[in-house]
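Some notes on the structure that comes next.
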Amino acid sequence: MKSENKNNTMPLCQPERPIPAPPMLRFSPTAWAKLLFLRDQGDTEVTGFAIAAAEDLLLVEDICLVPQTCTSASVAMDDQAVADFFDEQVDRGLKPGQFARIWVHTHPGNWSQPSSIDEETFWRVFGRTDWAVMFILARGGQNYARLQFHVGPGGDMDIPISVDYRRPFAASNHQAWKEEYLACVHQEVLVMPREVNAAGSLAKQGHAVPFGADADWFDWQMELFGDPEDFQEFQHAIQP
């Protein structure tokens, strides 16, 4: 008669697997300080690419600008400058996941939600990548981050952000950041429209609309003023 081997008995239930933490976009203190500095240099949007850690692609270690033309409601990077920037990062030994997957830009008002132009740009530039993040930081401190992925069934999700103080980080360098800003950011004045029709579209009467005729009026208004009441005050102030 064989004796029972208690060591081979199966447990009644398997141990629970730990639930993975949801993804989070994290900034080093230096990268966060640089982003705040660049945001506050002018009254326009500013855009750039985040440089991520090789071992953690959602940990931002630096923000890099490229030559761009900006207004208070739009930003356009120079295509050749973007291509040159990508080549430089490859020459440094970085992989695309470290420098070409996290798009960072600022809004000069209090509205951090993406505009219709932001959404179009994000899809056009990053729609064919395996994954990408759009991050927006508003002047008032509000922020927005969305992770978009195109592998498998695809999808997207809003993700939280944080500043990670647990890793070593470099000191701030305002002089170098200022030089980078001046070298890359070309500001254009956005000519304010005086009238808006009942449907909410611009009543163009010779006014320049640099953010595009297909831009959503509400998006532009919220980016610039942060609150509809602020825009109403502006409208009253400019009426003859």
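Values quoted throughout were computed directly from the atomic coordinates according to the rules given, and no laboratory measurement underlies them. What you see is a predicted model, and the numbers here were worked out from it, not measured in a lab. Note that we place each Cβ from the backbone using ideal geometry, even for glycine, and neighbour counts take in every protein chain shown.
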Order these by the 10 Å Cβ neighbour count, fewest first: Ser28, Ser116.
Ser116, Ser28
Relative contact order of the range 93-136, defined on C-alpha pairs under 8 angstrom at six or more residues apart (%):
61 percent
Looking at the range 43-118 from every direction and averaging, what is the projected area of its Cα convex hull in nm²?
5.4 nm²
√(5λ) per eigenvalue of the Cα gyration tensor, the range 18-166, largest first, Å:
21, 18, 17
Excluding Ala183 itself, calculate the net charge of residues whose Cβ lies under 15 Å from the Cβ of Ala183, where each Lys or Arg counts +1 and each Asp or Glu counts -1.
-3
If each residue's Cβ is checked for other Cβ atoms within 10 Å, how do Cys184, Cys64 rank with the fewest at the top?
Cys64, Cys184
Ranked from fewest to most other Cβ atoms within 10 Å of their own Cβ, Tyr165, Tyr181 fall in the order Tyr165, Tyr181
Residue-ordered couplings for the range 50-64, obtained by feeding phi - 60° into the Karplus form 6.51 cos²θ - 1.76 cosθ + 1.60 and rounding to whole Hz (Gly and Pro as x), are 7, 9, 9, 5, 4, 8, 8, 6, 9, 9, 7, 9, 7, 10, 10
